[in-house]
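Colleague: What follows is a structure written as structure tokens; I'll ask about it next.
The values are calculated or read from the model by the stated rules, or taken from the named source; none is laboratory data. Here the structure is a predicted model, which is why all the values come from computation and not from measurement. Glycine gets a Cβ as well: all are built from the backbone with ideal geometry, and neighbour counts include every protein chain shown.
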Amino acid sequence: MAQIIDGKKISQEIKDELREKVASLKEEGKEAALAVIQVGNDPASGVYVGNKKKACAYIGIRSLSYELPEETTEEELLALIEKLNGDASVNGILVQLPLPSHIDEDKVIRTISPKKDVDGFHPENVGKLVIGEPGFVSCTPAGIIQLLKRSGIEIAGKNCVVIGRSNIVGKPMALLMLRENATVTIAHSRTQDLKEVCKRADILIVAIGKPRFITADYVKEGAVVIDVGIHRNENNKLCGDVAYDEVMPHTSAITPVPGGVGPMTIAMLMNNCVESMLMY
């Protein structure tokens with residue numbers, strides 16, 4: 001019987017641990033604040049921002065909210081980031097993506113100080129991940145490592161296939177699995193014989209961005225399957241990149257959608273905020 005990896009439960013454990021850590025840091029006179037900037041009123045972004053504020057309140061971190069109109073210029077946004085970079089009371093700066101099309105996301109990411117880049121997207125933090133130095137790690141891949149470890153799943157020596165090569169999930173995920181001594185293959189839209197490549201995986205991490213794309217014939221019997229995707233199906237129900245009902249019986253462990261990887265992203269964002277108090 002497949003182990004259903006409960007991201008809600010594990011993320012709650014992490015938040016409870018962080019809450020205790022924040023309380024003891026407060027006793028030492030150390031306080032944390034996260035600045036969250038949202039440009040425009042994308043409904044999905046609004047939900048994410050709300051969840052981040054709730055998580056801050058739960059673990060005891062101050063959250064500063066900047067809700068800017070859609071027509072905010074790139075210059076105005078960069079000026080706000082620079083101001084927050086220089087504010088010693090702010091530990092973390094997070095700019096909610098996507099941004100309106102007239103703003104260059106790459107320029108925005110590079111403007112955030114690497115010491116306050118709790119999303120782990122700045123090239124300096126990405127570089128540190130590549131060479132194995134401490135720095136902020138992208139929250140979704142960091143969360144997946146915690147899901148595996150806290151579910152008692154051995155990573156070292158295992159064949160891991162990551163489907164997807166984005167800067168936010170695929171690439172950092174592969175580097176983190178390598179750091180944990182897995183043997184890693186990155187597959188993507190141009191990979192030949194994708195089914196055969198996937199069937200070699202002891203741990204299959206799917207971030208392909210296509211609803212229910214991975215069916216049972218992609219999965220080795222007894223593999224661990226981690227589903228990063230989130231979509232709405234024809235009945236407006238949430239689903240992932242994996243055809244869950246079909247794949248689940250063939251796995252030793254699997255993450256559901258919702259309630260798998262999703263809650264971990266915010267837990268690891270909170271973890272990065274607390275780390276920022278200890279690192280700098």
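Colleague: Residues to consider are PRO98, PRO141; find the one that is in contact (Cβ under 8 Å) with a residue 12 or more places away in the chain and part of a helix (DSSP H, G or I).
Modeller: PRO141
Colleague: I'd like to know if region 76-91 contains one or more residues that are within 19 Å of ILE266 (Cα to Cα) and not β-branched (Val, Ile, Thr).
Modeller: Within region 76-91 (the criterion being within 19 Å of ILE266 (Cα to Cα) and not β-branched (Val, Ile, Thr)), the answer is yes, since at least one residue qualifies.
Colleague: Given (1) outside any helix (DSSP H, G or I); (2) touching a Pro at 6+ places or on another chain (Cβ under 7 Å), identify the lone condition not met by ARG110.
Modeller: Only one criterion is unmet by ARG110, namely (1).
Colleague: Could you tell me which residue of region 59-88 is farthest from ASP119 (Cα to Cα), considering only residues that are hydroxyl-bearing (Ser, Thr, Tyr) and out of contact with any Leu (no Cβ under 9 Å at 6 or more places or on another chain)?
Modeller: Checked region 59-88; the qualifying residue farthest from ASP119 (Cα to Cα) is THR73.
Colleague: Within region 40-87, work out how many residues are in a helix (DSSP H, G or I), at pLDDT 95 or above and farther than 23 Å from GLN12 by Cβ.
Modeller: Final tally of qualifying residues: 12.
Colleague: May I ask you to list pairs of residues, at least six apart or on different chains, whose Cβ atoms are under 8 Å apart, with the first in region 7-31 being under 14 Å from CYS273 (Cα atoms) and part of a helix (DSSP H, G or I) and the second being at pLDDT 95 or above and of a type in the set (Ser, Thr, Tyr)?
Modeller: From region 7-31, the pairs are LYS15/TYR58; ARG19/TYR58.
Colleague: Shifting gears a bit: In this structure, does ARG62 turn out to be touching a Cys at 6+ places or on another chain (Cβ under 8 Å) and under 20 Å from LEU278 (Cβ atoms)?
Modeller: So ARG62 passes the test.
Colleague: Turning to a different aspect of this structure: Determine whether VAL39 is surrounded by 13 or more Cβ atoms within 10 Å (Cβ to Cβ), β-branched (Val, Ile, Thr) and touching a Ser or Thr at 6+ places or on another chain (Cβ under 7 Å).
Modeller: Yes, satisfied.
Colleague: Anything in region 237-261 that is crowded, with 24+ Cβ neighbours inside 10 Å and in a helix (DSSP H, G or I)? List them, or say none.
Modeller: Listed by number, the list holds a single entry, VAL247.
Colleague: Kindly indicate whether GLY262 is within 27 Å of GLN192 (Cβ to Cβ) and touching a residue at least 24 places away in the same chain (Cβ under 8 Å).
Modeller: Criteria not met by GLY262.
Colleague: Looking at LYS107, LYS83, LYS128, LYS149, can you tell me which residue is assigned by TED's automatic domain parsing to the domain that holds VAL39, without any contact (Cβ under 8 Å) to a residue 60 or more places away in the chain and farther than 17 Å from GLN38 by Cβ?
Modeller: Unique residue meeting the criteria: LYS107.
Colleague: For region 112-170, what are the residues that are among the β-branched types (Val, Ile, Thr) and more than 14 Å from the chain's Cα centre (by Cα)?
Modeller: Hits for region 112-170 are ILE112, VAL130, ILE131, ILE153, ILE155, VAL161, VAL162, ILE163.
Colleague: Determine whether region 189-199 contains at least one residue that is within 21 Å of the chain's Cα centre (by Cα), at pLDDT 95 or above and not in a strand (DSSP E or B).
Modeller: Within region 189-199, none of the residues are within 21 Å of the chain's Cα centre (by Cα), at pLDDT 95 or above and not in a strand (DSSP E or B).
Colleague: Out of the residues in region 137-161 meeting the condition of being touching a strand residue (DSSP E or B) at 6+ places or on another chain (Cβ under 9 Å) and farther than 21 Å from GLN12 by Cβ, tell me which one is surrounded by the fewest Cβ atoms within 10 Å (Cβ to Cβ).
Modeller: Filtering region 137-161 for residues that are touching a strand residue (DSSP E or B) at 6+ places or on another chain (Cβ under 9 Å) and farther than 21 Å from GLN12 by Cβ, the one surrounded by the fewest Cβ atoms within 10 Å (Cβ to Cβ) comes out as GLY157.
Colleague: Give me the pairs, please: first residue somewhere in region 232-254 and assigned by TED's automatic domain parsing to the domain that holds ALA216, second residue anywhere and part of a helix (DSSP H, G or I), beta-carbon distance under 6 Å, and either six or more positions apart or on two chains.
Modeller: Qualifying pairs under 6 Å: GLU246/ALA216; VAL247/ALA216; HIS250/ALA216; ILE254/MET248.
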